[in-house]
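**Q** Would you mind keeping the following structure in view while I ask a few things?
Values in this text are rule-based calculations from the coordinates and carry no lab data. None of the values given here were measured: they were computed from a predicted structure. In this analysis, Cβ positions are derived from the backbone assuming ideal geometry, glycine residues included, and neighbour counts consider all displayed protein chains.
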Amino acid sequence: MRIAAQPFPLDLDPATAALIVIDMQRDFIEPGGFGASLGNDVTRLQAIVPATARLIDGCRKAGIPVIHTRECHKPDLSDCPPAKRLRGAPSLRIGDAGPMGRVLIAGEPGAEIVPDLAPIPGEKVIDKPGKGAFYATDLGPYLACLGTKTLIFAGVTTEVCVQTTMREANDRGFDGLLAEDATESYFPEFKQAALQMIRAQGAIVGWTAPVATILTALD
Ligand code: C5J
């Protein structure tokens, strides 16, 4: 099928596509989490939940595997570089006890995916210590087993974990399509710049398209 994407149409075969939903976790999206502790307005990220849910639903119906990632660390913080934990002056650091349990720690309520986007049985959930979902995870071998060639991306934040993962995927030979209204940043100008960077120079990182355009093609 052909997606009317930017900077030019993208041919996608659902049999060799997968959707990756990046870090739609309570810690980034709800008040009291890591994102809020850094001084961000989390309502911007909450706003993309319905569009992301529609994209997930459409991919499930089209038989496209849905993969979810969570940025989080082991309870002993052995996979959290001190440089990451100590950077900046957040009101809560990674591992500190907050309103949703220990911040960005696997198994804590804040590290869970928001209920409206919860994985269903059989869907792959990847806990990742870095910004990119390929780093220190089994995502690469998992996609090789699936025979995936094209990755559809959604999630937060556009210019950090989403763009980093798209770039990792691009270097590994995948075509990447970012769902424009199923991704968001705490900084609107960063989102727009990331979308432009991704599709510049003839899709140097990948393609972008609205959720409705992707769903029309999948239907
Ligand atoms: C950040 C992410 N921004 N998921 N994480 O720290 O983009």
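**Q** Name the residues whose placed amide hydrogens come within less than 5 Å of the amide hydrogen of Leu177, ignoring near sequence neighbours (fewer than 5 apart) on the same chain.
**A** The list, which skips near neighbours in sequence, is Leu151, Ile152, Phe153, Trp207.
**Q** A further question on this structure: Please get the size of the charge dipole for the chain, origin at its Cα centre, with Cβ charges of +1 on Lys and Arg and -1 on Asp and Glu, quoted in debye to the nearest 20.
**A** The calculation lands at about 280 debye.
**Q** Using mean Cβ contacts within 10 Å as the protection proxy, how do 196-202, 46-52 order, highest first?
**A** 46-52, 196-202
**Q** Would you grab the residues whose amide H sits under 5 Å from the one on His68? Only those 5+ places off in sequence or on another chain, please, with H modelled 1.01 Å from N.
**A** Val21, Lys124, Val125, Ile126
**Q** Let me ask something else about it. List the DSSP H helices in the chain whose Cα atoms stretch 15 Å or more along the helix axis and whose mean Kyte-Doolittle hydropathy is at least -1.0.
**A** Membrane-span-like by this rule: 49-61, 188-203.
**Q** Using only DSSP helix segments of four residues or longer, with each worth -39500 (n - 2.57), what per-residue ellipticity at 222 nm results for the chain after dividing by its residue count and rounding to 500?
**A** Calculated mean residue ellipticity at 222 nm is -8500 deg cm²/dmol.
**Q** Further, regarding this structure: How high is the FRET efficiency from Asp11 to Thr216, r the C-beta distance, R0 25 Å, rounded to 0.05?
**A** In this case the efficiency is close to 0.95.
**Q** Here is a further query. Can you tell me the FRET efficiency between Arg60 and Ala89 if r is taken as the Cβ-Cβ distance and R0 is 45 Å, rounded to the nearest 0.05?
**A** Once the sixth-power term is evaluated, E becomes 0.65.
**Q** Would you work out the charge dipole size for region 23-120 about its Cα centre, treating the Cβ of every Lys and Arg as +1 and the Cβ of every Asp and Glu as -1, and quote it to the nearest 20 debye?
**A** Dipole size: approximately 180 debye.
**Q** Shifting gears a bit: Sorting check: for 77-84, 158-165, which peptide has the highest mean count of neighbouring beta carbons within 10 Å, and how do the rest follow?
**A** Sorting 77-84, 158-165 by mean packing, highest first, produces 158-165, 77-84.
**Q** Using only the alpha carbons, work out the radius of gyration and Dmax of region 178-219 in angstrom.
**A** Every Cα atom of region 178-219 included, Rg and Dmax give 11.1, 32 Å.
**Q** Hey, another quick one. If packing is taken as the average number of other Cβ atoms within 10 Å across a peptide's residues, how do 123-133, 5-15 rank, most packed first?
**A** 123-133, 5-15
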